[in-house]
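Input: a single structure, listed below in structure tokens.
Rule-based calculations on the coordinates, nothing more; no lab input. Being a predicted model, the structure only gives us computed values, none of them experimental. Using ideal geometry, Cβ is built from the backbone for each residue, glycine included, and neighbour counts are taken over all protein chains shown.
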Amino acid sequence: MGQKKNSSSPSSGSLDSATPEDWDRVSKPRHYASQNAEYPRLECIDAIKAACSIDEFRGHCKANVMKYTWRCDHKGATINDLRKARQYLDWLIESYL
């Protein structure tokens, strides 16, 4: 079976060739930033990390890696879903450092 290219992705190349703009859509999407004037720079992932134990946060990351890789070929956003999975994997790795 051939791999379906994702025409809706801003970059259909390898994950390593992603531009900063591509990564911003994955690692810091605007809809995950706080809309609260008191905490304008608060990211959702930081709030989750603060609210969870380290084991809970790691479980959250593992579950999201699985979710994004599981569905990557079924939503029409393969590259973006793989980038999201990699972002969660990076956060998981960082939690062990």
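At a glance:
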item: Every residue from region 74-94 that is exposed (fewer than 14 other Cβ atoms within 10 Å of the Cβ) and outside any helix (DSSP H, G or I); result: His74, Lys75, Gly76
item: Tally, over region 68-97, of residues that are touching a residue at least 12 places away in the same chain (Cβ under 8 Å) and under 15 Å from the mean Cα position of the chain (by Cα); result: 18
item: Considering residues of region 42-66 that are of a type outside the set (A, V, I, L, M, F, W, C) and outside any helix (DSSP H, G or I) only, the residue farthest from Leu82 (Cα to Cα); result: Ser53
